[in-house]
C-alpha cells in the first residue's frame, strides 16, 4: 500500500547544530501550543523554538537546503506534483523538545480551517534530531505506520486528514524534532 510518507536522511551534524540552536535560543522559545494557540499538555507537551524561513543563520539555511533536496525527491516520485503544485516554506520552522513523557500525544493533522497558514499547508516535513529507542515513534492512523526516531531521518507527507498522526511519548528518553510545512502557492 502506498502511504505517501517519504523518508530520507540528512546530515547528522545539522541535527546536532539544531539541538544546540534550540538549547541556546531564548527569543522565540516557549511551551508548545495546540492549533488554538493554547497550551494543553494533555494534547502537546513540548518546548518549541520558532525559526522564520528568512533566517540568515547558517544552521537554518543548511537545514532548509537538505529539506529542499527531500522535497525534490518527493516531486520526482509523485510526478503529477510537477503540474501546477508549486509550494514553498512560508511559515516558521518549529524546533521541538519533548522531555520524557512529553509529545504531541493526540491524533491530529496539519491542516485546519481556523488559522490562515494552516489552510495553505500542502506537505509536512519532519526530521528526528536524535535517536529514541524506547517508544517515541510517530504513528499515522490510516496508514497503520509507525516510524522510530533515528537521528537524521526526515519524513515528508501530505498535510490533510488522510495523514492523521500522533507522537508516542517515550517515558525514559528525550526527543528533539524539527518540523515545518510546505505551503501551496
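For segment 60-135, the percent of C-alpha pairs falling in each 10 Å distance bin, counted from 0 to the bin holding the largest distance, reads 13, 40, 37, 10, 1. Listed by Cβ neighbour count within 10 Å, with the fewest neighbours leading, 8, 161, 104 appear as 161, 8, 104. From least to most packed, judged by other beta carbons within 10 angstrom and beginning with the fewest, 89, 26 follow the order 26, 89.
For the pair segment 60-103 / segment 17-46, the C-alpha centres are spaced 19 Å from each other. Within the chain, the percentage of alpha carbon pairs spaced more than 27 angstrom apart rounds to 20%.
By the count of other C-beta atoms within 10 Å, a proxy for reagent exposure, 154, 42 are ordered fewest to most as 42, 154. Rounded if a/c is under 1.5, else prolate if a/b beats b/c, else oblate: with a ≥ b ≥ c from the C-alpha gyration tensor eigenvalues square-rooted, which is segment 88-185? Taking the square roots of the gyration eigenvalues as a ≥ b ≥ c, segment 88-185 is prolate.
Values quoted throughout were computed directly from the atomic coordinates according to the rules given, and no laboratory measurement underlies them. In this text, all values refer to a predicted model and were calculated from it rather than measured experimentally. Every residue, glycine as well, gets a Cβ built from its backbone with ideal geometry; the counts of neighbours run over all protein chains shown.
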